[in-house]
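The values are calculated or read from the model by the stated rules, or taken from the named source; none is laboratory data. Computed from a predicted model, the values in this text were never measured in an experiment. Neighbour counts are summed over all protein chains in view; Cβ atoms, including those assigned to glycine, are modelled from backbone coordinates with ideal geometry. Areas reflect the complete protein model, heavy atoms only, side chains present, ligands, DNA and RNA absent. Shrake-Rupley method; radii C 1.70, N 1.55, O 1.52, S 1.80 Å.
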Amino acid sequence: MTKSTTLDTDRLSEGELLSRLEADLLPKHVAIIMDGNGRWAELRGLPRIAGHREGIKSVREVIALCLELGIHALTIYAFSQENWNRPAQEIDALMGLLEHYLATERSSLVQQGVRFRTIGRVTALPPSALHWVRTTEQETAHLDKLILTVALSYGGRSEIIDAVSQIARECQRGALRPEDIDETLFQNYLSTSDLPDPDLLIRTSGETRISNFLLWQLAYTELYFTPTLWPDFRRREALLALLEYQRRDRRFGRVFSAVSPQIGL
Ligand code: IPE
Ligand code: IPE
Ligand code: MG
């Protein structure tokens, strides 16, 4: 498949952007750091929670696009372990919003064939939020059109430490030997063990960092940073990210003879 070298997208309609997507070049797993809700609200003189509320509309649009395109896995960073350091008022508002989203949206998730799962230390969530998390997980457990993984109270370093300590305990009780430990075994102990690594990571709001998200899994992921704030990241923005992804050469450390100069090595 040859990839286009220029992309003048400003003049293209959403329909035209869609028609430029090539089915065999779509990512199988997209991960998103949904950032910029607070700034979106502050720019409008609104409380930060208004930005989080508006951001839910972007979540809906991205889920709908994944379903439309047959992208099988979507993993979204909704609340990091470090986010517990925010003011209690914002944390309470975010947890309330999570509950409201799950309570009202779960029937639509079922209808669309979306399986909802979480990664992170969800038991740290307030009991009522945890109740809706468990309920939604159970009600959607049989579905598989889209695996929607929501990272809640998630930290990539904790996830790695949890895997290491579990492996250490298994070695201690004789169920594993240190020489059995390799990358394949290790990733079976991660919370994403049943998912392929993300092909594409999107981060909105202009920040160009990972913020403790999926540290192991992102080793060879294509990174896409956009200044767009998450509440403004709608269908068109998502199509642009997918088109940019299609232009990337994923080499995984190799050289491709088709593109490398013939220098007689
Ligand atoms: C992302 O938006 C949502 C969460 C981290 C919960 P922010 O709340 O980080 O918004 P900014 O980055 O302050 O604009
Ligand atoms: C990352 O955003 C976490 C989520 C999107 C849930 P933050 O806004 O918390 O990240 P930093 O603090 O800018 O790195
Ligand atoms: Mg932020």
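The C-beta contact set for region 66-92 (first residue in contact (Cβ under 8 Å) with a residue 40 or more places away in the chain, second residue open to solvent by 60 Å² or more (accessible area, probe 1.4 Å) and of a type in the set (A, V, I, L, M, F, W, C), distance under 9 angstrom, 6+ apart or interchain) comprises 69/23; 70/23. Residues in region 132-152 that are open to solvent by 10 Å² or more (accessible area, probe 1.4 Å), part of a helix (DSSP H, G or I) and touching a residue at least 12 places away in the same chain (Cβ under 8 Å): 132, 135, 137, 139.
Consider residue 60 carefully, then state whether it is open to solvent by 30 Å² or more (accessible area, probe 1.4 Å) and either within 21 Å of the chain's Cα centre (by Cα) or within 16 Å of ligand 3 (Cβ to nearest atom) (or both). Let's see the steps before the verdict.
Working: open to solvent by 30 Å² or more (accessible area, probe 1.4 Å): yes; either within 21 Å of the chain's Cα centre (by Cα) or within 16 Å of ligand 3 (Cβ to nearest atom) (or both): yes.
Here the answer is yes, as residue 60 does meet what is asked.
Quick check on my filter: what residues within region 101-119 are touching a strand residue (DSSP E or B) at 6+ places or on another chain (Cβ under 6 Å) and open to solvent by less than 20 Å² (accessible area, probe 1.4 Å)? Once the filter is applied, which keeps residues that are touching a strand residue (DSSP E or B) at 6+ places or on another chain (Cβ under 6 Å) and open to solvent by less than 20 Å² (accessible area, probe 1.4 Å), region 101-119 yields 109, 114, 116, 119.
Is it fair to say residue 54 is within 15 Å of ligand 2 (Cβ to nearest atom), among the charged types (D, E, K, R), in a helix (DSSP H, G or I) and within 24 Å of residue 114 (Cβ to Cβ)? So residue 54 passes the test. When the residues of region 20-45 are narrowed to those that are in a loop (DSSP other than H, G, I, E, B), open to solvent by less than 80 Å² (accessible area, probe 1.4 Å) and more than 19 Å from residue 147 (Cβ to Cβ), which ends up farthest from ligand 3 (Cβ to nearest atom)? If we take residues in region 20-45 being in a loop (DSSP other than H, G, I, E, B), open to solvent by less than 80 Å² (accessible area, probe 1.4 Å) and more than 19 Å from residue 147 (Cβ to Cβ), then 22 is farthest from ligand 3 (Cβ to nearest atom). You will find that of 213, 233, 225, the residue that is of a type outside the set (S, T, N, Q), free of Cβ contacts under 8 Å to residues at least 24 places away in the same chain and either touching a Gly at 6+ places or on another chain (Cβ under 7 Å) or within 16 Å of ligand 3 (Cβ to nearest atom) (or both) is 225 and no other.
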